[in-house]
Amino acid sequence: MTETIQPAPARVQPETAAPAAPTAVSKPAKAESPPPASTLADLVAPRPRRDPLLLHMPVDVRSVSLALIATLAVLFTLRWAAAVFIPLMVSLLLTYALTPLVDGLVRCRVPRWIGAAVVLLGLSGAVGGAVYSFGDNAVSLANSLPLAAQKFQRSIKRPAAGPTTIESVQNAAAQLEKAAETAPRPANRPGVTRVLIERPPFNVRDYLWSGTIGLLSAAGQLTVVLFLTFFALGSGDTFRRKMVKITGPSLSKKKITVQVLDEVTNQIQRYLLVQLVTSVVVGILTGLALWALGLDNAVVWGIAAGVLNMVPYLGSIVVMATSALVAFLQFGEIDKALLVGGASLLIHALVGNLLTPWLTSRASRMSPLVVFIGVLAWGWLWGVWGLLLGIPIMMVVKAICDRVEDLQPIGELLGD
């Protein structure tokens, strides 16, 4: 008989409930302040670095380097090929200046080539007549300058009981040279030949030949300038039409190119007109003032003042100094010489500070510092021609830079 064993029921022990935690009232937490530095390592610990402030400018070092190299190459080319570029620049300025006259003749049904020839022949005749009329006075004036300089030097030399320091040094040097010449010469060593170099005698033909070569060179350059100007005036707007053609097929680009070329031409012609008017006014006023003061060759002085007025700063100083020097030679009084020089300088100052700004109020003006630096630079490049042509060339460059988008920073640097 099988017994069934049943498992005993499991005892369930009563669970003891955990005592409830006392309810705490939460308070807002205070911001914890950083602990004070207690060690030397904490004091010298590096602070977090901030990014430096940078000024972002549209300047590319590579582009600046290329521009500098190109500028140096252009300066070298201009100095090396001055005999080619000077006639080109003179003919370019003459073309801009004489184009309105030729256009006026064309409107009167005169062919352009004939009008250009008439204008150039008239200008050449006027210049030649002026040179022929006042050539003798100009030569006499040029011959009087050395005498005036010697007389002025003697007048300002103060008398002294004995020789001055410079004269003592010169006398000592002359005595030493004389002693060296009279000293016995050492005998020639065997195998050594003494060579005596003699200066060639003065030969008038050499100087006449060099002067003739210079005169022929000047005449050749003048002929080149006249032919270049004649061809440029006779061609009319051919160059402008070619510039418009190569700008592209777009009609808007062609229209913008025509407007830019017209603005550049008008600005350059206005500048040349202002220079012509101010030079004429300065020449007339200077001639009248010096004639009233009794200076000889007043007409020649007026022409010289008008021509040199195109050279900023330096032209007025040259006219003032030379006129005062010649006045001292003529009158023999320093007060009279100072009066003549002061009158010339006053006329240049009044015209330059009153008339020129009024005439150039609508034209683009250049910075005085840029003008002065330009005079020095172009004078170093081309000498006297650089002094006369430097500022008009810079004006042309500025007019082009103001109208070309990529070159506007250069125009801004050149402007006033």
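Look through segment 401-412, keep the residues that are in a helix (DSSP H, G or I) and of a type in the set (A, V, I, L, M, F, W, C), and return whichever of them is surrounded by the fewest Cβ atoms within 10 Å (Cβ to Cβ).
Filtering segment 401-412 for residues that are in a helix (DSSP H, G or I) and of a type in the set (A, V, I, L, M, F, W, C), the one surrounded by the fewest Cβ atoms within 10 Å (Cβ to Cβ) comes out as Leu407.
How about segment 224-279: which of its residues are outside any helix (DSSP H, G or I) and hydroxyl-bearing (Ser, Thr, Tyr)?
If the condition is that a residue be outside any helix (DSSP H, G or I) and hydroxyl-bearing (Ser, Thr, Tyr), then Thr247, Ser250 are the ones that fit.
What residue, of Gly234, Gly248, is within 30 Å of Ala399 (Cα to Cα), modelled with pLDDT of 80 or more and surrounded by 10 or more Cβ atoms within 10 Å (Cβ to Cβ)?
Of the residues listed, the single one that is within 30 Å of Ala399 (Cα to Cα), modelled with pLDDT of 80 or more and surrounded by 10 or more Cβ atoms within 10 Å (Cβ to Cβ) is Gly234.
Among the residues that make up segment 271-284, is at least one of them more than 27 Å from the chain's Cα centre (by Cα), surrounded by 14 or more Cβ atoms within 10 Å (Cβ to Cβ) and of a type outside the set (D, E, K, R)?
Within segment 271-284 (the criterion being more than 27 Å from the chain's Cα centre (by Cα), surrounded by 14 or more Cβ atoms within 10 Å (Cβ to Cβ) and of a type outside the set (D, E, K, R)), the answer is yes, since at least one residue qualifies.
Considering every residue within segment 385-400, establish whether at least one is surrounded by fewer than 18 Cβ atoms within 10 Å (Cβ to Cβ) and either at pLDDT 85 or above or not in a helix (DSSP H, G or I) (or both).
Looking for residues that are surrounded by fewer than 18 Cβ atoms within 10 Å (Cβ to Cβ) and either at pLDDT 85 or above or not in a helix (DSSP H, G or I) (or both), one finds none in segment 385-400, hence no.
The values are calculated or read from the model by the stated rules, or taken from the named source; none is laboratory data. All figures in this text were calculated on a predicted structure; none of them were measured in a lab. Cβ coordinates were reconstructed from backbone atoms using ideal geometry, including for glycine residues, and neighbour counts include every protein chain displayed.
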